[in-house]
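Every number in this text was worked out from the coordinates using simple rules, so none of it is lab data. Source: prediction; values computed, not measured. Cβ atoms come from the backbone with ideal geometry, glycine included; neighbour counts cover every protein chain shown.
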Amino acid sequence: MQFKYFYSFFKTFKIPGLFSVFSDFKGMVRYHFLYAAVESGLLDALKIPCSRDDLINKLGVKNLDILDALLKVGISIKELNCKNDLYGIKGKRSQAMVGAHGDTLSAVIQANVTYYNNSYRYAAARMKGADLGDDLKRAGDIIARFSKLSDPLIKTFLQNIVPQGPGLRVLDIGCGSGLLLKSMMHINPDLSGLGIDIDDAAAGQAMQNIEKWGLTERFEIIKGDIRDLPDDIPRFDLITLVNLIYYFPVDQRPELFRTLRSRLAPGGTLAIVMTMQGKMADFAAANLNMANASMQGVTPLPDSATLQEQLKESGFSTVRISDLMPGSSFVGMQAI
Ligand SMILES: C[S@@+](CC[C@H](N)C(=O)[O-])C[C@H]1O[C@@H](n2cnc3c(N)ncnc32)[C@H](O)[C@@H]1O
């Protein structure tokens with residue numbers, strides 16, 4: 001290459017901010033690649049190295065230009081390699097995504113490329129009054145899979161809250177994948193109860209999982225709205241609301257808490273786990289708040305003090321709060 005081109009290249013990269021913008025650009029291309037590779041089944045197919053023809057057959061490809069372009073992007077960002085005409089997985093993200101926790105990682109990518117992305121893409125118009133996004137209608141499955149990420153933190157919080165002893169019952173509202181019910185059963189192996197989720201895909205996922213884990217004798221899953229829970233259901237010793245409060249408008253929360261309190265057996269506990277409005281430096285909370293502000297069916301993240309007041313106003317005498325993650329506004333609340 002002639003020196004004059006080097007010179008103009010360096011001159012271009014002296015534009016303030018361009019280097020940083022380009023670094024982020026690569027991360028974004030990687031996110032988009034991983035999204036397309038998951039959705040198309042490419043990553044799954046490449047668990048065993050494949051030729052281009054194998055990929056065409058396995059993925060049912062009709063547009064070869066797009067497959068070739070995607071493979072090229074994968075190689076350029078070192079997520080894929082190609083040796084002896086066989087494509088394989090190279091990058092550590094792609095490798096992890098076909099590993100034991102791959103489904104959760106895939107859900108993080110899928111969430112960011114779809115509804116989180118939309119909340120920024122349409123922010124300008126929505127801020128000026130355009131309709132909020134209806135993304136939640138399609139995001140139930142992704143949200144349920146994504147939410148599993150916080151399970152170990154929630155499990156630690158619930159360690160001292162799940163009641164011990166035989167015959168105790170739990171109600172998990174917005175049960176998503178159903179994983180929380182399983183985790184609570186590890187804390188008290190005698191536990192039984194109910195999971196409810198309003199979303200078809202999430203409730204379906206929970207039903208399948210409960211069956212897969214052999215827990216159908218212990219836990220029933222209902223597809224429906226907690227506000228319509230039949231009256232004849234026996235009371236619960238523990239009710240959990242995990243990552244859920246923002247699905248209820250602020251002014252409806254006291255009524256919800258009062259109803260849930262009436263569903264508790266004497267001495268029962270309501271446990272709430274939630275990312276709150278919080279420290280400015282918590283970018284994940286700020287990102288979630290941005291998505292929530294921009295979608296139909298959810299509200300911005302709750303304010304911890306307001307939530308405590310509402311719980312007390314609804315008849316709970318004591319509310320204890322635990323910080324669940326360093327540097328974050330992810331908290332557990334125990335209301336009794
Ligand atoms: C963010 S997800 C959390 C899932 C799960 N609790 C977790 O943390 O893994 C919230 C879930 O609550 C469900 N949900 C929202 N409003 C509900 C309602 N009124 N009754 C029952 N489920 C509801 C949604 O469909 C969604 O699956």
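Of note:
- Degrees between helix 136-146 axis and first principal axis of the chain (Cα, 0 to 90, nearest 10): 90 degrees
- Size of electric dipole in segment 142-335: Cβ of Lys, Arg +1 and of Asp, Glu -1, about Cα centre, debye, nearest 20: 380 debye
- Gain on full stretching of the segment that runs from Asp323 to Asp190 - 0.36 nm per residue minus C-alpha separation: 45.1 nm
- Positive-end ranking of Ala203, Ile142, Val242 along the dipole of the chain, with charges on Cβ about the Cα centre, is headed by Ile142.
- Cleavage-rule hits, chymotrypsin sites (Phe, Trp or Tyr not before Pro), segment 218-296, DSSP coil, Cβ neighbours within 10 Å at most 16: none
- Looking at segment 14-108, the trypsin sites (Lys or Arg not before Pro) that sit in a DSSP loop and have at most 14 other Cβ atoms within 10 Å of their own Cβ are Lys14, Lys47, Lys62, Lys78.
- Check: the chain dipole with +1 on Lys, Arg Cβ and -1 on Asp, Glu Cβ, in debye: 1460 debye
- Residue-averaged [θ]222 nm for the chain, counting only DSSP H segments that reach four residues, each worth -39500 (n - 2.57): -13500 deg cm²/dmol
- Between helix 102-111 and the chain: long-axis angle, C-alpha atoms, 0 to 90°, nearest 10: 80 degrees
- Dipole moment magnitude, nearest 20 debye, segment 106-165 about Cα centre, only Lys, Arg, Asp, Glu C-beta charged: 100 debye
- Against the chain, whose longest principal axis comes from its Cα atoms, helix 18-39 is set at around 70 degrees.
- With a threshold of 27 Å on the Cα-Cα distance, the over-threshold entries among Lys62/Lys148; Lys62/Lys137; Lys148/Lys223; Lys58/Lys83; Lys92/Lys148; Lys47/Lys78 are Lys62/Lys148; Lys62/Lys137.
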